[in-house]
Amino acid sequence: MLRPVSLFVGLRYTRAKRRNHFISFIALASTLGIGLGVTVLITVLSVMNGFERELQDRILGMAPHVVITGNGGRLDDWQQVMTEAKQVPGVEAVTPYISIQGMLRGSRVNQYAM
C-alpha cells in the first residue's frame with residue numbers, strides 16, 4: 001500500500017529515532033506553530049468579517065439604498081413616483097426629501113453643507 005510522500009516525510013520526522021530527539025522536537029514545535037498561526041488567522045478573519053458586516057449594516061441603515069431623481073435633479077410628479085415605488089415588492093419605506101447646497105457659518109469656521 002503506497003502512502004503519499006508528504007505523509008511519509010511527516011511521519012518520518014515526527015517519530016525520530018531514539019538518538020535524535022532534537023529533530024522530533026523541532027518538528028513538533030513547527031507543527032504547533034503552524035497550527036496556532038492558522039487558528040489565529042481564522043479567528044481574526046472571522047472577527048473582521050463580522051465587523052465589516054456590522055459596519056455595512058450601520059452605514060446602509062443611515063443612507064438610502066435607492067435615490068430617484070428626475071432630469072436636472074428635479075422631480076415634479078414625486079407623489080406618483082412614491083405611489084409606484086411603494087408597490088414594488090420588498091420596498092419597506094419611501095420618503096421624499098429635498099437636497100440643497102448651503103454654507104454654515106460659525107464664529108471661527110465656515111463649513112460647506114449639502
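Where a number appears in this text, it was derived from the coordinates with a stated rule and is not lab data. Keep in mind that what you see is a predicted model, and the values were worked out from it rather than measured.
Observations on the model:
- Among Leu55, Leu36, Leu104: highest mean-square fluctuation, GNM of the chain, C-alpha pairs under 10 Å: Leu104
- Amide H contacts under 5 Å for Val94: none, restricted to partners 5 or more places along the chain or on a different chain, H placed in the peptide plane at 1.01 Å from N.
- Angle between the chain longest axis and helix 5-14 axis [Cα atoms, degrees, rounded to 10]: 70 degrees
- Among Ile98, Ile26, Ile34, residue whose mean-square fluctuation peaks in a GNM of the chain (springs only between Cα atoms under 10 Å): Ile98
- Size descriptors for the chain (Cα atoms only): Rg and Dmax, in that order, 31.3, 90 Å.
- GNM flexibility winner over the chain from Ser99, Ser30, Ser46 (Cα, springs under 10 Å): Ser99
- Sequentially through region 58-70, phi angles give Karplus couplings (6.51, -1.76, 1.60; θ = phi - 60°) of 5, 5, 5, x, 8, 9, x, 7, 9, 10, 9, 10, x Hz, Gly and Pro residues having no value and appearing as x.
- Relative contact order %, the chain, counting alpha carbon pairs below 8 Å whose residues are six or more apart: 9 percent
- For region 66-114, averaging the sequence separation of C-alpha pairs within contact (under 8 Å, six or more residues apart) and dividing by the residue count gives a relative contact order of 20 percent.
- Computed 3J(HN,Hα) for region 36-49, one whole-Hz value per residue from the Karplus formula 6.51 cos²θ - 1.76 cosθ + 1.60 where θ = phi - 60°, is 5, x, 5, 4, 5, 4, 5, 5, 5, 5, 5, 5, 5, 5, glycine and proline marked x.
- Every helix of 4 or more DSSP H residues in the chain counts as -39500 (n - 2.57), and over all residues that averages to -18500 deg cm²/dmol at 222 nm.
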